[in-house]
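Here's the structure, in C-alpha cells; my notes come after.
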Amino acid sequence: MIPRIYVPGDSGALALGAEKVAKAIASELAERGIEAKIVRNGSRGAYFLEPMVEVATANGRVAYGPVKPSDVKSLFDSGFLTGGHHKRWLGAPDKIPFLAKQTRLTFARCGINDPLSLDAYKALGGLKGLQNAVAMAPADIVKQVTESGLRGRGGAGFPTGIKWKTVLDTTSERKYIVCNADEGDSATFADRMIMEGDPFVLIEGMTIAGIATGATKGFVYIRSEYPHAVAVMNKAVEIARKAGVLGVNVLGSPNAFDMEIRVGAGAYVCGEETSLLNSLEGKRGVVRAKPPLPAIQGLFGKPTVINNVISLASVPVIMDKGAAFYKDFGMGRSRGTIPIQIAGNVKQGGLFETAFGLTLGEIVDDIGSGTSSGRPVKAVQVGGPLGAYFPRALFDTPFDYEEFAKRDGLIGHAGVTVFDDTADMLKQARFAMEFCAIESCGKCTPCRIGSTRGVETIDRLAAGIEPEKNLALVTDLCNTMKFGSLCALGGFTPYPVMSSITHFPEDFKPAPARVAAE
Amino acid sequence: MTMQPASTEIASRTAAIVQDLKDLEGPLLPILHGIQEEFGHVPQDAVPVIADGLNLSRAEVHGVVTFYHDFRARPAGRHVLKLCQAEACQSMGSDAVAARVKQLLGIDFHETTRDGSVTLEPVYCLGLCACSPSAMLDGEVIGRLDDDKIDEIVAEVRS
C-alpha cells in the first residue's frame, strides 16, 4: 500500500501556508523517489495546529502540526511516513485534547478525508439518513426532525421541524429549499468549514428537507468572500448528480430534488433571510416585512424552507440515528450539539462541537486556553457583530439560547471572539454602529439613520462633549433601533453597544477622567 | 493602463453573457458576476443591454448593481488586496495592520495606487477568525498577518 499523506485544503489551513507545505512534501517525495499519495482533506478545526499534516500508518493516523514548509525535510528524516517522532508530532488526531473533548455529530466527518470523495463519505456513515428518509412519509420525516429538538443554527433558534411543517402543509406545486450560507458574522466559520470539508452532508440535509416538504429545487446562497467553499460545493453538486443522489430519482426513489449554488455579492444584510431571498431573485437585498413568512410566500412567492448550513447539515445524523439520539445531548430547550467557533485573541482557536451547556468561562479559559497575547481577557463577544460583549463576571453563563437571552446576550451562530485588556469598548461600540451604517439595506429608518446618528453620538462621547446627555441619547437610540427596526441588523446592533456601556462603563467616562484614570 | 473596450464591444460581450444565463431562475446576480469577471467591473454600457435582455428597466438594474459592495463601477488595480476589519481581526490588531499597509502603499481603503498596481479594500470577515488578522490577495487567503507577511504582500503587489 502506498503511503497516504493528508494536507488540508481548507481556507483556514491555506491561510496558514498549507499549499506551500503540500508543495514541499510533493517535491521532497520526488527528490527521495518515494511513491505516496497526497490527499487534500478538509480541516478538523484545530486552527492553532494548522497546517496539520496527517499520515496514515499501520497503527492509524498520526498528526503533525503546525507544519511549516521548512519542517518538511526533517519530517522525512524523522520517518514521519511511519509515524516517527518529530518536534511537530501530535500523535493520533482524535487523541489531541482539543479534538478528543468534542462531541462531533454534525462535524463527524469534517477534515478526515477528501471532501469530494463520495465513497469516503459513505464509508463514514454518509447517506444513511437520506436512505432512511426516502423510505418514509414526508410527515414522518418532519416529525422526526421536530422531535430531535433541532433549532435554527443561524442564530434565531427557531425550531426547524416547525418551519418544515409549515411548508409541508402548503399546497403549492412549486416549493424551494434555500440554504443560507451567507456566513457574514465575524468569529464564525462553521458553515465555511462544512462546505469545504464535508459538502455532501449539506447536500444530503437539503435533499432530506426537499423530500420532507415536497420541494424539488434547492439553492445554496454562499457569500462571495468564500471562493473556496463555492468551488467545493459546485464540484460536490456535480458529483452528487452523477451518483444519483440528486436528480429526478433521488437514490433510486420516486423523489426528485436538485440544487444550484449561488454566490452573494458582498452585502452583509443578505444573511437576513428575506433579504437573501430578494437577492436570489436578482433584486436589491432589501429586507421584506413579515408576514408573509417565507414558509408561505418565500422565493419567487413560493413556499420556501430557508435554513442555515449547520441546521441542514445536522439533519442527516438525526435521520440516521434518530430524534432521541440527537435530543439526548444538550440542556433545557437547547438540544443536540452546537459547533462553537472560538476566535480572535485566543491561544487555541478553532471549531469545537459540543453539547449545549458548557459555560462561557470553560470555553474561553479551558478550551481556548486564554488569550494569545497572554494578557487578561477583558471582553468576549458572543454571536458575531450583533452579539453582546460579556465581561469575565458573566463567564458562568451556560451556552444555551435562553440562558444567554436572560443576560441580554445571544449565542447567534455560536461565534466567540475573545478580546484582551487592550480593547477599548467605546471603540467597539462605535464600530457596531458604523458597521450597521455600512451594511444597512436602508429600508427602515431606525437602522438606516439610527446607526449614523449612533456613530456621531458615540464620537461626541469620546470627545467628552456633554457625556451624560449623550450617553442617555445613545441608550434611547438603541431602544428605538431595538424595537423599531425591521430585521436583526438594526434590531440587534444595540446588543454590542448597550452591553459595552453596561459592563464596561469605565470606557465611556469623559476623556479627561479616562486620562486621569490611566 | 489597460485599454477600455469600446461600447459596442461591451454591448456584444454583455449580450452573450445575458443570453447564456438568462434562463436561470433569478438570473441577474449570476449575470452581473459574469460581467464583472469579463470586464473587471460592471461598465455603464452593460446596463441597458442587461435591462433589455431581462425585460427590466435600466433603473432596476442600476439599483441592483449599486446595492452590492462587490460590483465595481470602474476597473480595480492589477491586484486587489482586502484586509479584514471585523471584530475577530480587530482583537488581533487589524487596525495597526491596515495603518501599516496604507502607509506602505500610500493609499487609503477604496483607493488604487497611481501606477494601477493594487486596489485596497476593507472586508468584513473572511471566515478565518481563528487565524486573525487576515487578508485576501487576489482571491488567495492569508492568515496571522505580521510585519513580515505584510512586507511580502506589499513587495508582491508592487512587483
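I need a count of the residues in region B:1-47 that are within 14 Å of chain A (Cβ to nearest Cβ) and farther than 26 Å from A:Phe300 by Cβ.
The total comes to 1.
Are any residues in region B:117-138 assigned to a loop (DSSP other than H, G, I, E, B) and either at pLDDT below 95 or surrounded by 23 or more Cβ atoms within 10 Å (Cβ to Cβ) (or both), and if so, which ones?
B:Cys125, B:Leu126, B:Gly127, B:Leu128, B:Cys129, B:Ala130, B:Cys131, B:Ser132, B:Pro133, B:Ser134
Which one of these does A:Glu19 not meet: (1) part of a loop (DSSP other than H, G, I, E, B); (2) within 14 Å of chain B (Cβ to nearest Cβ); (3) not aliphatic (A, V, I, L, M)?
Going through (1) part of a loop (DSSP other than H, G, I, E, B); (2) within 14 Å of chain B (Cβ to nearest Cβ); (3) not aliphatic (A, V, I, L, M) one by one, A:Glu19 breaks only (1).
Output the number of residues of region B:139-151 satisfying the condition of being part of a loop (DSSP other than H, G, I, E, B) and either in contact with an Asp or Glu (Cβ under 6 Å, 6 or more places away or on another chain) or not acidic (Asp, Glu) (or both).
Summing the residues that are part of a loop (DSSP other than H, G, I, E, B) and either in contact with an Asp or Glu (Cβ under 6 Å, 6 or more places away or on another chain) or not acidic (Asp, Glu) (or both) in region B:139-151 gives 4.
Go through (1) within 9 Å of another protein chain (Cβ to nearest Cβ); (2) assigned to a loop (DSSP other than H, G, I, E, B) and name the single condition A:Pro254 misses.
Among (1) within 9 Å of another protein chain (Cβ to nearest Cβ); (2) assigned to a loop (DSSP other than H, G, I, E, B), the lone unmet condition for A:Pro254 is (1).
In region A:8-48, what residues are more than 22 Å from the chain's Cα centre (by Cα) and basic (Lys, Arg)?
Matches in region A:8-48: A:Lys20, A:Lys23, A:Arg32, A:Lys37.
Test B:Val47 against the criterion of being part of a helix (DSSP H, G or I), in contact (Cβ under 8 Å) with a residue 24 or more places away in the chain and touching a helix residue (DSSP H, G or I) at 6+ places or on another chain (Cβ under 6 Å), and give yes or no.
For B:Val47, the condition - part of a helix (DSSP H, G or I), in contact (Cβ under 8 Å) with a residue 24 or more places away in the chain and touching a helix residue (DSSP H, G or I) at 6+ places or on another chain (Cβ under 6 Å) - is not met.
Can you tell me which residues in region A:259-271 are part of a loop (DSSP other than H, G, I, E, B) and buried (at least 24 other Cβ atoms within 10 Å of the Cβ)?
A:Gly264, A:Ala267, listed by residue number.
The conditions are (1) in contact (Cβ under 8 Å) with a residue 24 or more places away in the chain; (2) of a type outside the set (Phe, Trp, Tyr); (3) in a loop (DSSP other than H, G, I, E, B); (4) out of contact with any strand residue (DSSP E or B) (no Cβ under 9 Å at 6 or more places or on another chain), and B:Arg114 fails exactly one of them. Which is it?
(1)
Select from region A:185-208 the residues that are in contact with a strand residue (DSSP E or B) (Cβ under 8 Å, 6 or more places away or on another chain) and within 12 Å of A:His228 (Cβ to Cβ) and write down the one among them that is farthest from the other protein chains (Cβ to nearest Cβ).
A:Met195
Can you name every residue in region B:119-136 that is within 11 Å of chain A (Cβ to nearest Cβ) and among the hydroxyl-bearing types (Ser, Thr, Tyr)?
If the condition is that a residue be within 11 Å of chain A (Cβ to nearest Cβ) and among the hydroxyl-bearing types (Ser, Thr, Tyr), then B:Tyr124, B:Ser132, B:Ser134 are the ones that fit.
Does B:Glu9 fit the bill of being surrounded by fewer than 16 Cβ atoms within 10 Å (Cβ to Cβ), acidic (Asp, Glu) and modelled with pLDDT of 95 or more?
no
Against the condition touching a Ser or Thr at 6+ places or on another chain (Cβ under 9 Å), crowded, with 18+ Cβ neighbours inside 10 Å, closer than 17 Å to A:Phe189 by Cβ and in the same structural domain as B:Glu87 (by TED's automatic domain parsing), how does B:Leu105 come out, does it pass?
When the stated conditions are applied, B:Leu105 does not pass them.
Considering region A:343-362 alone, what residues qualify as being over 16 Å from the mean Cα position of the chain (by Cα), buried (at least 22 other Cβ atoms within 10 Å of the Cβ) and either more than 12 Å from chain B (Cβ to nearest Cβ) or more than 23 Å from B:Leu126 (Cα to Cα) (or both)?
Scanning region A:343-362 gives a single hit, A:Leu360.
Check B:Gly116, B:Gly139, B:Gly106, B:Gly77 and return the single one that is facing another protein chain (nearest Cβ under 9 Å) and out of contact with any Cys (no Cβ under 6 Å at 6 or more places or on another chain).
Step by step, each of B:Gly116, B:Gly139, B:Gly106, B:Gly77 is checked, and only B:Gly139 is facing another protein chain (nearest Cβ under 9 Å) and out of contact with any Cys (no Cβ under 6 Å at 6 or more places or on another chain).
Give me the helices (runs of 4 or more DSSP H) completely within region A:400-518, filtered to those with at least 3 residues that are within 13 Å of another protein chain (Cβ to nearest Cβ) and closer than 27 Å to A:Glu272 by Cβ, ordered by residue number.
Hits in region A:400-518: A:425-439, A:494-503.
With respect to B:His33, determine if the residue is within 22 Å of A:Lys217 (Cβ to Cβ), at pLDDT 95 or above and either under 19 Å from the mean Cα position of the chain (by Cα) or crowded, with 17+ Cβ neighbours inside 10 Å (or both).
Yes, satisfied.
Within region A:329-369, how many residues turn out to be of a type in the set (Phe, Trp, Tyr) and closer than 17 Å to B:Ala88 by Cα?
Qualifying residue count for the region: 1.
Search region A:46-85 for residues being of a type in the set (Asp, Glu) and closer than 21 Å to A:Leu14 by Cβ, and hand back the single one that is surrounded by the fewest Cβ atoms within 10 Å (Cβ to Cβ).
If we take residues in region A:46-85 being of a type in the set (Asp, Glu) and closer than 21 Å to A:Leu14 by Cβ, then A:Asp71 is surrounded by the fewest Cβ atoms within 10 Å (Cβ to Cβ).
For region A:386-433, how many residues are of a type in the set (Gly, Ala, Ser) and free of Cβ contacts under 8 Å to residues at least 40 places away in the same chain?
Of the residues in region A:386-433, 1 are of a type in the set (Gly, Ala, Ser) and free of Cβ contacts under 8 Å to residues at least 40 places away in the same chain.
When both residues are 6+ apart or on different chains and their Cβ atoms are under 7 Å apart, which pairs have a first residue that lies in region A:257-279 and is closer than 22 Å to A:Thr213 by Cβ, and a second that is part of a strand (DSSP E or B) and small (Gly, Ala, Ser)?
From region A:257-279, the pairs are A:Phe257/A:Gly218; A:Asp258/A:Gly247; A:Met259/A:Gly218.
May I ask you to list the residues in region B:84-98 that are in contact (Cβ under 8 Å) with a residue 12 or more places away in the chain and either at positive phi or out of contact with any Phe, Trp or Tyr (no Cβ under 8 Å at 6 or more places or on another chain) (or both)?
Once the filter is applied, which keeps residues that are in contact (Cβ under 8 Å) with a residue 12 or more places away in the chain and either at positive phi or out of contact with any Phe, Trp or Tyr (no Cβ under 8 Å at 6 or more places or on another chain) (or both), region B:84-98 yields B:Ala88, B:Cys89, B:Met92, B:Gly93, B:Ser94, B:Val97.
The values are calculated or read from the model by the stated rules, or taken from the named source; none is laboratory data. If you're wondering where the values come from, they're calculated on a predicted model, not measured in any experiment. Heads up, the Cβs are rebuilt from the backbone with ideal geometry, glycines too, and the neighbour counts pull from every protein chain shown.
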